[in-house]
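Report on one structure; see the data block that follows.
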Amino acid sequence: MLEVRGIQKHFGDQHILKGIDLSIEKGDVTVILGPSGSGKTTLLRCLNFLENADCGEMTMDGRKIDLGRASAKDKAFVKDRTAFVFQNYNLYNNKTALENVTEGLILGRHMHKDEAIKTARVALDKVGLSDRENYYPSQLSGGQQQRVGIARAIARNPEIILFDEPTSALDPELIEEVLSVMRKVANEGTTMVVVTHEMSFAENVATKVVFMDQGVIVEEDTPQVIFTHPKEERTFSFLKNIIHDTDYVI
Amino acid sequence: MTLNYEFMLETFVESLKGIPVTLLITAISLLAALPLGFIMALVRDGNKHKIAKAILDVYASFVRGVPMIVQIMLMYVLFPDILSLIAKALHLPIDIYGVPNIAYAILLFVLWTTSFLSETFRAGLHTVNKGQLEAAVSNGMTTFQGYTRIVIPQVLTNMLPVLCTNTNTLIKMTSLCFAMSVIEITAIAKIAAGNNLCYVEAYLVTALIYIIICFTVENIFKFMERNVSKKYKRLAAG
Ligand SMILES: Nc1ncnc2c1ncn2[C@@H]1O[C@H](COP(=O)(O)OP(=O)(O)O)[C@@H](O)[C@H]1O
Ligand SMILES: [Mg+2]
(Lines give C-alpha, C1' and ligand atoms only; values in the text may rest on other atoms or scores of the structure.)
(Ligands and ions follow the chains in the order given, each with its own letter.)
Protein backbone atom coordinates (compact mmCIF):
# COMPACT_ATOMS: atom_id res chain seq x y z
CA MET A 1 0.00 0.00 0.00
CA LEU A 2 2.97 2.30 0.55
CA GLU A 3 6.13 1.96 -1.39
CA VAL A 4 9.06 4.33 -1.56
CA ARG A 5 12.11 4.10 -3.79
CA GLY A 6 15.36 5.97 -3.59
CA ILE A 7 14.49 8.66 -1.03
CA GLN A 8 17.36 11.08 -0.64
CA LYS A 9 17.58 14.00 1.72
CA HIS A 10 20.26 16.58 2.41
CA PHE A 11 20.41 19.13 5.19
CA GLY A 12 22.84 21.68 3.83
CA ASP A 13 25.80 19.62 2.65
CA GLN A 14 25.01 16.80 5.05
CA HIS A 15 23.71 13.74 3.22
CA ILE A 16 21.13 12.34 5.65
CA LEU A 17 19.13 9.83 3.60
CA LYS A 18 21.13 8.10 0.89
CA GLY A 19 18.52 6.28 -1.10
CA ILE A 20 15.93 4.53 1.03
CA ASP A 21 13.65 1.82 -0.38
CA LEU A 22 10.78 0.67 1.76
CA SER A 23 7.68 -1.27 1.05
CA ILE A 24 4.79 -1.51 3.46
CA GLU A 25 1.80 -3.81 3.16
CA LYS A 26 -1.55 -3.36 4.78
CA GLY A 27 -1.49 -4.52 8.40
CA ASP A 28 2.31 -4.47 8.63
CA VAL A 29 3.93 -3.30 11.82
CA THR A 30 7.34 -2.15 10.62
CA VAL A 31 9.82 -1.32 13.35
CA ILE A 32 12.79 0.83 12.39
CA LEU A 33 15.88 0.41 14.52
CA GLY A 34 19.13 2.26 14.27
CA PRO A 35 21.61 4.40 16.14
CA SER A 36 20.86 8.00 16.93
CA GLY A 37 21.52 10.28 13.97
CA SER A 38 21.04 7.54 11.40
CA GLY A 39 18.12 9.38 9.78
CA LYS A 40 15.11 7.52 11.19
CA THR A 41 13.18 10.64 12.14
CA THR A 42 14.03 12.30 8.85
CA LEU A 43 12.74 9.27 6.97
CA LEU A 44 9.41 9.28 8.82
CA ARG A 45 9.07 13.02 8.30
CA CYS A 46 9.68 12.63 4.58
CA LEU A 47 6.96 9.96 4.43
CA ASN A 48 4.47 12.47 5.85
CA PHE A 49 5.81 15.57 4.05
CA LEU A 50 6.74 17.24 7.31
CA GLU A 51 10.02 17.38 5.46
CA ASN A 52 10.43 17.45 1.69
CA ALA A 53 12.74 14.80 0.32
CA ASP A 54 15.21 15.90 -2.36
CA CYS A 55 14.24 13.06 -4.64
CA GLY A 56 12.67 9.65 -4.66
CA GLU A 57 9.42 8.09 -5.61
CA MET A 58 6.41 7.19 -3.53
CA THR A 59 3.47 5.05 -4.44
CA MET A 60 0.53 5.22 -2.10
CA ASP A 61 -2.81 3.63 -2.83
CA GLY A 62 -1.90 3.50 -6.50
CA ARG A 63 -0.94 7.16 -6.69
CA LYS A 64 2.59 7.69 -7.88
CA ILE A 65 4.40 10.74 -6.50
CA ASP A 66 7.75 12.15 -7.51
CA LEU A 67 9.03 13.26 -4.12
CA GLY A 68 11.33 15.88 -5.58
CA ARG A 69 8.37 17.60 -7.23
CA ALA A 70 5.37 16.71 -5.12
CA SER A 71 2.44 19.05 -5.66
CA ALA A 72 0.29 20.48 -2.89
CA LYS A 73 -2.38 17.98 -3.92
CA ASP A 74 0.06 15.07 -3.63
CA LYS A 75 1.03 16.21 -0.17
CA ALA A 76 -2.57 16.61 0.92
CA PHE A 77 -3.32 13.13 -0.46
CA VAL A 78 -0.55 11.57 1.62
CA LYS A 79 -1.20 13.65 4.75
CA ASP A 80 -4.83 12.68 4.66
CA ARG A 81 -3.89 8.98 4.68
CA THR A 82 -1.17 9.10 7.29
CA ALA A 83 -0.95 10.18 10.91
CA PHE A 84 2.12 11.04 12.94
CA VAL A 85 2.79 10.33 16.60
CA PHE A 86 5.59 12.55 17.83
CA GLN A 87 8.41 11.83 20.23
CA ASN A 88 7.43 14.78 22.43
CA TYR A 89 3.66 14.37 21.87
CA ASN A 90 3.14 17.86 20.39
CA LEU A 91 -0.32 18.17 21.84
CA TYR A 92 -2.01 21.53 21.44
CA ASN A 93 -1.47 23.09 24.85
CA ASN A 94 -4.44 25.42 24.54
CA LYS A 95 -6.85 22.58 23.83
CA THR A 96 -8.31 19.86 26.03
CA ALA A 97 -7.62 16.20 25.34
CA LEU A 98 -10.94 15.97 23.50
CA GLU A 99 -10.30 19.12 21.48
CA ASN A 100 -6.83 17.86 20.59
CA VAL A 101 -8.56 15.00 18.81
CA THR A 102 -11.55 16.85 17.35
CA GLU A 103 -9.69 19.91 16.02
CA GLY A 104 -8.14 18.14 13.05
CA LEU A 105 -11.35 16.24 12.30
CA ILE A 106 -13.42 19.41 12.20
CA LEU A 107 -10.94 21.62 10.35
CA GLY A 108 -9.13 19.07 8.20
CA ARG A 109 -11.88 16.56 7.54
CA HIS A 110 -14.77 19.04 7.71
CA MET A 111 -16.54 16.69 10.04
CA HIS A 112 -19.58 18.00 11.86
CA LYS A 113 -18.73 18.93 15.44
CA ASP A 114 -21.04 16.38 17.07
CA GLU A 115 -19.70 13.61 14.88
CA ALA A 116 -16.12 14.68 15.60
CA ILE A 117 -16.80 14.56 19.34
CA LYS A 118 -18.31 11.11 19.00
CA THR A 119 -15.31 9.90 16.99
CA ALA A 120 -12.89 11.47 19.46
CA ARG A 121 -14.60 9.84 22.44
CA VAL A 122 -14.25 6.41 20.83
CA ALA A 123 -10.55 7.09 20.24
CA LEU A 124 -9.97 8.37 23.78
CA ASP A 125 -11.77 5.34 25.14
CA LYS A 126 -9.48 3.10 23.13
CA VAL A 127 -6.41 4.65 24.76
CA GLY A 128 -8.06 4.49 28.18
CA LEU A 129 -8.54 8.22 28.72
CA SER A 130 -12.30 8.65 28.62
CA ASP A 131 -12.19 10.22 32.07
CA ARG A 132 -9.61 12.80 31.01
CA GLU A 133 -11.29 14.31 27.97
CA ASN A 134 -11.59 17.77 29.54
CA TYR A 135 -8.03 17.92 30.82
CA TYR A 136 -5.45 20.19 29.28
CA PRO A 137 -2.08 18.67 28.32
CA SER A 138 -0.41 20.41 31.26
CA GLN A 139 -2.70 18.44 33.57
CA LEU A 140 -1.73 15.07 32.09
CA SER A 141 1.29 12.84 32.70
CA GLY A 142 3.67 12.20 29.82
CA GLY A 143 2.20 8.77 29.27
CA GLN A 144 -1.31 10.17 29.19
CA GLN A 145 -0.24 12.93 26.80
CA GLN A 146 1.26 10.40 24.43
CA ARG A 147 -1.91 8.33 24.60
CA VAL A 148 -3.88 11.44 23.59
CA GLY A 149 -1.35 11.79 20.76
CA ILE A 150 -2.19 8.24 19.69
CA ALA A 151 -5.92 8.91 20.02
CA ARG A 152 -5.50 11.98 17.82
CA ALA A 153 -3.82 9.75 15.22
CA ILE A 154 -6.27 6.83 15.26
CA ALA A 155 -9.35 9.09 15.26
CA ARG A 156 -8.43 10.12 11.74
CA ASN A 157 -8.62 6.47 10.72
CA PRO A 158 -5.45 6.76 8.65
CA GLU A 159 -4.06 4.04 6.44
CA ILE A 160 -0.70 4.26 8.17
CA ILE A 161 0.37 5.65 11.52
CA LEU A 162 3.98 6.78 11.80
CA PHE A 163 5.41 6.64 15.34
CA ASP A 164 8.66 8.46 16.03
CA GLU A 165 10.14 7.12 19.26
CA PRO A 166 6.80 7.45 21.04
CA THR A 167 8.13 6.35 24.42
CA SER A 168 11.62 7.80 24.51
CA ALA A 169 10.59 11.02 26.26
CA LEU A 170 8.81 9.09 29.00
CA ASP A 171 9.85 8.11 32.49
CA PRO A 172 10.44 4.34 32.54
CA GLU A 173 7.35 3.61 34.62
CA LEU A 174 5.12 5.31 32.02
CA ILE A 175 6.45 3.45 28.99
CA GLU A 176 4.36 0.34 29.38
CA GLU A 177 0.98 2.12 29.28
CA VAL A 178 1.87 3.61 25.92
CA LEU A 179 3.31 0.37 24.54
CA SER A 180 0.21 -1.53 25.56
CA VAL A 181 -1.97 0.96 23.70
CA MET A 182 0.28 0.56 20.67
CA ARG A 183 0.01 -3.21 20.88
CA LYS A 184 -3.75 -2.90 21.00
CA VAL A 185 -3.77 -0.64 17.95
CA ALA A 186 -1.48 -3.08 16.12
CA ASN A 187 -3.66 -6.04 17.02
CA GLU A 188 -6.61 -4.29 15.39
CA GLY A 189 -4.75 -4.54 12.11
CA THR A 190 -3.57 -0.93 11.88
CA THR A 191 -0.64 -0.44 9.56
CA MET A 192 2.18 1.08 11.60
CA VAL A 193 5.73 2.25 11.08
CA VAL A 194 7.44 2.57 14.44
CA VAL A 195 10.83 4.00 15.25
CA THR A 196 11.66 2.74 18.71
CA HIS A 197 14.35 1.39 20.98
CA GLU A 198 11.87 -0.84 22.79
CA MET A 199 13.19 -4.22 21.78
CA SER A 200 10.34 -6.14 23.36
CA PHE A 201 7.90 -4.28 21.13
CA ALA A 202 10.05 -4.97 18.08
CA GLU A 203 10.35 -8.62 18.94
CA ASN A 204 6.75 -9.32 19.88
CA VAL A 205 4.67 -6.97 17.76
CA ALA A 206 6.63 -6.16 14.61
CA THR A 207 5.97 -8.07 11.44
CA LYS A 208 9.14 -6.62 9.98
CA VAL A 209 12.24 -5.00 11.45
CA VAL A 210 14.33 -2.55 9.47
CA PHE A 211 17.82 -1.65 10.63
CA MET A 212 19.06 1.76 9.50
CA ASP A 213 22.51 3.24 9.82
CA GLN A 214 24.05 6.39 8.35
CA GLY A 215 21.19 7.09 6.01
CA VAL A 216 20.83 3.66 4.48
CA ILE A 217 18.80 0.57 5.27
CA VAL A 218 21.40 -1.99 6.26
CA GLU A 219 19.10 -4.94 6.64
CA GLU A 220 15.44 -5.80 6.93
CA ASP A 221 13.77 -9.02 7.91
CA THR A 222 11.34 -10.60 10.33
CA PRO A 223 12.10 -9.93 14.00
CA GLN A 224 12.97 -13.60 14.46
CA VAL A 225 15.73 -13.39 11.90
CA ILE A 226 17.01 -9.95 12.91
CA PHE A 227 17.19 -10.82 16.59
CA THR A 228 18.60 -14.31 16.25
CA HIS A 229 20.89 -14.29 13.26
CA PRO A 230 21.28 -10.91 11.55
CA LYS A 231 23.23 -11.08 8.33
CA GLU A 232 25.09 -7.81 8.71
CA GLU A 233 27.88 -7.13 11.17
CA ARG A 234 26.56 -3.58 11.79
CA THR A 235 23.14 -4.92 12.82
CA PHE A 236 24.77 -7.44 15.09
CA SER A 237 26.92 -4.94 16.93
CA PHE A 238 24.07 -2.46 17.29
CA LEU A 239 21.83 -5.10 18.82
CA LYS A 240 24.62 -6.39 21.04
CA ASN A 241 25.08 -2.90 22.48
CA ILE A 242 21.43 -2.16 22.97
CA ILE A 243 20.39 -5.47 24.47
CA HIS A 244 22.82 -5.65 27.34
CA ASP A 245 20.35 -7.02 29.88
CA THR A 246 19.76 -9.77 27.46
CA ASP A 247 17.20 -12.50 27.22
CA TYR A 248 18.30 -12.77 23.66
CA VAL A 249 21.21 -14.85 22.64
CA ILE A 250 22.47 -13.61 19.36
CA MET B 1 3.71 77.74 45.82
CA THR B 2 -0.04 77.46 45.72
CA LEU B 3 -1.97 75.55 43.14
CA ASN B 4 -4.93 76.96 41.28
CA TYR B 5 -7.41 74.24 42.20
CA GLU B 6 -10.27 75.79 40.28
CA PHE B 7 -8.16 75.75 37.14
CA MET B 8 -7.14 72.14 37.82
CA LEU B 9 -10.74 71.02 38.09
CA GLU B 10 -11.72 72.86 34.93
CA THR B 11 -8.75 71.49 33.03
CA PHE B 12 -9.45 68.00 34.32
CA VAL B 13 -12.97 68.10 32.96
CA GLU B 14 -11.80 69.71 29.73
CA SER B 15 -8.98 67.17 29.24
CA LEU B 16 -11.37 64.27 29.65
CA LYS B 17 -12.75 65.31 26.28
CA GLY B 18 -9.42 64.24 24.81
CA ILE B 19 -9.80 60.66 26.03
CA PRO B 20 -11.83 59.48 23.01
CA VAL B 21 -9.11 60.70 20.64
CA THR B 22 -6.37 59.04 22.70
CA LEU B 23 -8.32 55.80 22.91
CA LEU B 24 -9.26 55.93 19.23
CA ILE B 25 -5.63 56.16 18.15
CA THR B 26 -4.71 53.44 20.64
CA ALA B 27 -7.53 51.09 19.67
CA ILE B 28 -7.04 51.38 15.92
CA SER B 29 -3.29 50.92 16.32
CA LEU B 30 -3.73 47.80 18.46
CA LEU B 31 -6.39 46.26 16.24
CA ALA B 32 -4.33 46.80 13.10
CA ALA B 33 -1.05 45.84 14.72
CA LEU B 34 -2.32 42.51 16.06
CA PRO B 35 -2.48 40.82 12.65
CA LEU B 36 0.17 43.01 11.02
CA GLY B 37 2.59 42.57 13.93
CA PHE B 38 2.18 38.80 13.72
CA ILE B 39 2.84 38.78 10.01
CA MET B 40 5.88 41.00 10.55
CA ALA B 41 7.16 38.69 13.31
CA LEU B 42 6.68 35.60 11.14
CA VAL B 43 8.40 37.15 8.14
CA ARG B 44 11.30 38.39 10.25
CA ASP B 45 11.68 35.04 12.01
CA GLY B 46 11.25 32.98 8.90
CA ASN B 47 13.60 32.33 6.02
CA LYS B 48 11.21 32.34 3.12
CA HIS B 49 10.74 35.97 2.16
CA LYS B 50 14.31 37.23 2.15
CA ILE B 51 13.64 40.65 0.62
CA ALA B 52 10.61 41.40 2.78
CA LYS B 53 12.62 40.28 5.78
CA ALA B 54 15.47 42.64 4.96
CA ILE B 55 13.09 45.57 4.48
CA LEU B 56 11.23 44.83 7.72
CA ASP B 57 14.49 44.53 9.64
CA VAL B 58 15.50 47.98 8.47
CA TYR B 59 12.05 49.30 9.27
CA ALA B 60 12.20 47.80 12.77
CA SER B 61 15.59 49.41 13.37
CA PHE B 62 14.18 52.74 12.23
CA VAL B 63 11.17 52.51 14.53
CA ARG B 64 13.35 51.41 17.45
CA GLY B 65 16.16 53.88 16.80
CA VAL B 66 14.45 57.13 15.86
CA PRO B 67 12.86 59.11 18.71
CA MET B 68 9.08 59.14 18.55
CA ILE B 69 8.90 62.91 18.37
CA VAL B 70 11.16 62.85 15.31
CA GLN B 71 9.02 60.15 13.68
CA ILE B 72 5.98 62.31 14.37
CA MET B 73 7.54 65.37 12.82
CA LEU B 74 8.59 63.39 9.76
CA MET B 75 5.06 62.11 9.37
CA TYR B 76 3.56 65.54 9.98
CA VAL B 77 5.91 67.68 7.96
CA LEU B 78 7.44 65.49 5.30
CA PHE B 79 4.83 62.86 4.51
CA PRO B 80 2.03 65.21 3.32
CA ASP B 81 4.50 66.89 1.00
CA ILE B 82 5.51 63.56 -0.47
CA LEU B 83 1.88 62.56 -0.86
CA SER B 84 0.93 65.78 -2.56
CA LEU B 85 3.88 65.45 -4.95
CA ILE B 86 2.68 61.97 -5.82
CA ALA B 87 -0.89 63.16 -6.20
CA LYS B 88 0.24 65.95 -8.47
CA ALA B 89 2.41 63.65 -10.56
CA LEU B 90 -0.52 61.29 -11.04
CA HIS B 91 -2.93 64.18 -11.59
CA LEU B 92 -5.14 62.96 -8.77
CA PRO B 93 -7.66 65.59 -7.71
CA ILE B 94 -7.04 65.09 -3.99
CA ASP B 95 -6.35 67.88 -1.55
CA ILE B 96 -3.70 66.22 0.60
CA TYR B 97 -3.51 69.18 2.95
CA GLY B 98 -7.21 68.78 3.67
CA VAL B 99 -6.62 65.37 5.26
CA PRO B 100 -7.18 65.74 9.01
CA ASN B 101 -4.09 65.50 11.20
CA ILE B 102 -5.51 62.61 13.16
CA ALA B 103 -5.36 60.47 10.02
CA TYR B 104 -1.59 60.96 9.92
CA ALA B 105 -1.39 60.28 13.63
CA ILE B 106 -3.31 57.03 13.23
CA LEU B 107 -1.20 55.96 10.26
CA LEU B 108 2.01 56.63 12.15
CA PHE B 109 0.84 54.81 15.25
CA VAL B 110 -0.40 51.81 13.28
CA LEU B 111 3.04 51.54 11.69
CA TRP B 112 4.81 52.11 14.99
CA THR B 113 2.68 49.65 16.97
CA THR B 114 3.07 46.98 14.28
CA SER B 115 6.82 47.10 14.63
CA PHE B 116 6.61 47.42 18.41
CA LEU B 117 4.30 44.41 18.84
CA SER B 118 6.20 42.35 16.30
CA GLU B 119 9.05 42.25 18.84
CA THR B 120 6.66 40.95 21.48
CA PHE B 121 5.22 38.39 19.09
CA ARG B 122 8.68 37.20 18.05
CA ALA B 123 9.50 36.52 21.67
CA GLY B 124 6.07 34.96 22.09
CA LEU B 125 6.45 32.64 19.13
CA HIS B 126 9.49 31.15 20.84
CA THR B 127 7.33 30.18 23.83
CA VAL B 128 5.27 27.81 21.67
CA ASN B 129 7.15 24.76 20.43
CA LYS B 130 7.11 24.40 16.67
CA GLY B 131 5.97 20.80 16.98
CA GLN B 132 2.43 21.91 17.74
CA LEU B 133 2.20 23.59 14.37
CA GLU B 134 3.63 20.50 12.69
CA ALA B 135 1.09 18.36 14.51
CA ALA B 136 -1.70 20.67 13.38
CA VAL B 137 -0.58 20.50 9.77
CA SER B 138 -0.10 16.75 9.84
CA ASN B 139 -3.61 16.50 11.31
CA GLY B 140 -5.11 18.15 8.29
CA MET B 141 -5.17 21.80 9.29
CA THR B 142 -3.74 24.42 6.98
CA THR B 143 -0.72 26.36 8.20
CA PHE B 144 -3.01 29.37 8.60
CA GLN B 145 -5.39 27.37 10.79
CA GLY B 146 -2.45 26.02 12.74
CA TYR B 147 -1.38 29.55 13.54
CA THR B 148 -4.80 31.02 14.23
CA ARG B 149 -6.19 28.09 16.25
CA ILE B 150 -3.13 26.71 18.01
CA VAL B 151 -0.07 28.95 17.98
CA ILE B 152 -1.40 32.50 18.17
CA PRO B 153 -3.84 31.94 21.04
CA GLN B 154 -0.93 30.57 23.07
CA VAL B 155 1.36 33.43 22.10
CA LEU B 156 -1.29 35.95 23.16
CA THR B 157 -1.89 34.11 26.43
CA ASN B 158 1.78 33.76 27.25
CA MET B 159 2.45 37.38 26.35
CA LEU B 160 -0.48 39.01 28.15
CA PRO B 161 1.70 40.69 30.80
CA VAL B 162 4.01 42.09 28.13
CA LEU B 163 1.08 43.18 25.96
CA CYS B 164 -0.27 45.06 28.97
CA THR B 165 2.98 47.01 29.28
CA ASN B 166 3.01 47.50 25.49
CA THR B 167 -0.50 48.92 25.56
CA ASN B 168 0.36 51.39 28.30
CA THR B 169 3.51 52.43 26.46
CA LEU B 170 1.41 53.03 23.35
CA ILE B 171 -1.14 55.11 25.26
CA LYS B 172 1.60 57.26 26.74
CA MET B 173 3.27 57.62 23.32
CA THR B 174 0.06 59.03 21.85
CA SER B 175 0.53 62.03 24.14
CA LEU B 176 3.15 63.20 21.62
CA CYS B 177 0.38 63.67 19.06
CA PHE B 178 -0.02 67.22 20.37
CA ALA B 179 3.00 67.95 18.20
CA MET B 180 0.87 67.10 15.17
CA SER B 181 -1.87 69.41 16.40
CA VAL B 182 -4.06 66.46 17.22
CA ILE B 183 -6.27 67.54 20.08
CA GLU B 184 -5.97 64.69 22.54
CA ILE B 185 -5.56 64.74 26.34
CA THR B 186 -2.12 66.32 26.49
CA ALA B 187 -2.86 68.90 23.82
CA ILE B 188 -5.96 70.12 25.63
CA ALA B 189 -4.08 70.49 28.90
CA LYS B 190 -1.18 72.18 27.17
CA ILE B 191 -3.43 74.73 25.51
CA ALA B 192 -5.19 75.45 28.79
CA ALA B 193 -1.82 75.80 30.50
CA GLY B 194 -0.64 78.33 27.94
CA ASN B 195 -3.82 80.37 28.10
CA ASN B 196 -3.78 80.59 31.89
CA LEU B 197 -0.07 80.30 32.57
CA CYS B 198 -0.76 77.39 34.93
CA TYR B 199 1.77 74.86 33.65
CA VAL B 200 2.30 72.89 36.85
CA GLU B 201 -1.40 72.44 37.42
CA ALA B 202 -2.04 71.41 33.82
CA TYR B 203 0.68 68.78 33.83
CA LEU B 204 -0.40 67.41 37.20
CA VAL B 205 -3.89 66.99 35.81
CA THR B 206 -2.52 65.31 32.68
CA ALA B 207 -0.46 62.93 34.79
CA LEU B 208 -3.52 62.05 36.84
CA ILE B 209 -5.59 61.26 33.75
CA TYR B 210 -2.89 58.98 32.30
CA ILE B 211 -2.51 57.23 35.63
CA ILE B 212 -6.23 56.52 35.70
CA ILE B 213 -6.23 55.22 32.13
CA CYS B 214 -3.18 53.01 32.58
CA PHE B 215 -4.48 51.70 35.89
CA THR B 216 -7.71 50.73 34.15
CA VAL B 217 -5.82 49.04 31.32
CA GLU B 218 -3.73 47.08 33.82
CA ASN B 219 -6.81 45.82 35.54
CA ILE B 220 -8.44 44.80 32.29
CA PHE B 221 -5.35 42.75 31.47
CA LYS B 222 -5.23 41.27 34.97
CA PHE B 223 -8.83 40.24 34.54
CA MET B 224 -8.00 38.56 31.24
CA GLU B 225 -5.01 36.78 32.78
CA ARG B 226 -7.12 35.49 35.63
CA ASN B 227 -9.75 34.20 33.23
CA VAL B 228 -7.22 32.46 31.05
CA SER B 229 -5.44 30.77 33.91
CA LYS B 230 -8.77 29.80 35.44
CA LYS B 231 -9.69 28.11 32.18
CA TYR B 232 -6.50 26.08 32.18
CA LYS B 233 -6.69 25.18 35.85
CA ARG B 234 -10.40 24.69 36.26
CA LEU B 235 -10.27 20.93 35.88
CA ALA B 236 -7.05 20.30 37.72
CA ALA B 237 -8.92 20.56 40.99
CA GLY B 238 -11.91 18.39 40.20
N1 LIG C 1 16.15 20.22 10.36
C2 LIG C 1 17.42 19.78 10.32
N3 LIG C 1 18.42 20.60 9.93
C4 LIG C 1 19.69 20.16 9.87
N5 LIG C 1 20.08 18.92 10.22
C6 LIG C 1 19.15 18.07 10.63
C7 LIG C 1 17.76 18.45 10.71
N8 LIG C 1 17.07 17.39 11.16
C9 LIG C 1 17.96 16.39 11.34
N10 LIG C 1 19.20 16.78 11.03
C11 LIG C 1 20.41 15.95 11.07
O12 LIG C 1 20.14 14.77 10.36
C13 LIG C 1 20.75 13.66 10.99
C14 LIG C 1 19.74 12.58 11.17
O15 LIG C 1 18.78 13.01 12.11
P16 LIG C 1 17.52 12.16 12.49
O17 LIG C 1 16.75 11.85 11.29
O18 LIG C 1 16.82 12.92 13.56
O19 LIG C 1 18.16 10.84 13.08
P20 LIG C 1 17.55 9.79 14.09
O21 LIG C 1 16.09 10.04 14.21
O22 LIG C 1 17.88 8.47 13.49
O23 LIG C 1 18.26 10.00 15.38
C24 LIG C 1 21.37 14.17 12.27
O25 LIG C 1 22.75 14.32 12.08
C26 LIG C 1 20.73 15.50 12.47
O27 LIG C 1 21.62 16.38 13.11
MG1 LIG D 1 14.92 10.51 15.89
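The values are calculated or read from the model by the stated rules, or taken from the named source; none is laboratory data. Worth saying up front: this structure is predicted, and the values here are computed from it rather than measured. When we count neighbours, we look across all protein chains shown, and the Cβ atoms used for this are built from the backbone with ideal geometry, even at glycine. Side chains included, ligands, DNA and RNA excluded: accessible areas come from the protein's heavy atoms. Shrake-Rupley method; radii C 1.70, N 1.55, O 1.52, S 1.80 Å.
A few remarks follow.
- Chain A, relative contact order in percent, only Cα pairs under 8 angstrom and at least six apart counted: 25 percent
- Taking a point 7 Å out from the Cα of A:Glu115 in the direction of its Cβ, the residues of the range A:143-162 whose backbone N falls within less than 17 Å of it are A:155-158.
- Karplus-derived HN-Hα couplings along the range B:44-50 (A = 6.51, B = -1.76, C = 1.60, θ = phi - 60°), whole Hz, x at Gly and Pro: 5, 7, x, 10, 7, 9, 5
- GNM top mover of B:Ile106, B:Ile96, B:Ile188 - chain B, alpha-carbon springs below 10 Å: B:Ile96
- Close amide H partners of A:Val194, meaning residues 5 or more places away or on another chain with modelled amide H under 5 Å apart, are A:Thr30, A:Val31, A:Ile32, A:Phe163.
- Counted charge near B:Ala87, where neighbours are those whose Cβ lies closer than 15 Å (Asp, Glu -1; Lys, Arg +1): -1
- Residue-wise HN-Hα couplings along the range A:45-57, as the Karplus relation 6.51 cos²θ - 1.76 cosθ + 1.60 with θ = phi - 60° gives them from phi, are 5, 5, 5, 10, 6, 5, 10, 9, 5, 6, 7, x, 9 Hz; Gly and Pro carry x.
- Against the criterion of solvent-accessible heavy-atom surface with a 1.4 angstrom probe, A:Lys240, A:Lys95 sort, most first, into A:Lys240, A:Lys95.
- In chain A, the DSSP-assigned H stretches of four residues or longer account for a calculated mean residue ellipticity at 222 nm of -11500 deg cm²/dmol, using -39500 (n - 2.57) per stretch and the full residue count as denominator.
- Computed from label points 7 Å out along Cα-Cβ, the spacing between A:Glu188 and B:Asn196 is 7.7 nm.
- Across the range A:79-85, rounded Karplus estimates of 3J(HN,Hα) from the backbone phi angles (6.51 cos²θ - 1.76 cosθ + 1.60, θ = phi - 60°) give 4, 5, 9, 10, 9, 10, 10 Hz, Gly and Pro being marked x.
- Amide N of the range B:137-159 lying under 20 Å from the label point, which is placed 7 angstrom from the Cα of B:Lys130 along Cα→Cβ: B:137-156
- Antiparallel content of DSSP bridges confined to the protein assembly as shown, in %, to 5: 55 percent
- Relative contact order of chain B, taken over Cα pairs closer than 8 Å and 6 or more residues apart, is 32 percent.
- Summed side-chain charge close to A:Tyr89 - residues other than A:Tyr89 whose Cβ falls under 10 Å, Lys, Arg +1, Asp, Glu -1: +2
- Nonlocal amide H pairs with A:Glu51, under 5 Å, H built at 1.01 Å: A:Cys46
- Of B:Met8, B:Met68, the residue with the largest accessible area leads and the full order is B:Met8, B:Met68 (1.4 Å probe).
- Cut-off 14 Å between beta-carbons: net charge of the residues surrounding A:Glu219, Lys and Arg +1, Asp and Glu -1: -3
- Fluctuation leader among B:Pro93, B:Pro153, B:Pro80 - chain B, Gaussian network, Cα springs under 10 angstrom: B:Pro93
- Residues B:Ala27 and B:Tyr59, FRET efficiency given R0 of 30 Å [Cβ-Cβ distance, rounded to 0.05]: 0.85
- Solvent-accessible area, 1.4 Å probe, carbon plus sulfur percent, for chain B: 71 percent
- Surface accessible to a 1.4 Å probe, A:Phe86 within the full protein complex, Å²: 10 Å²
- Note on surface exposure: A:Tyr135, B:Tyr97 rank B:Tyr97, A:Tyr135 by accessible area, highest first, 1.4 Å probe.
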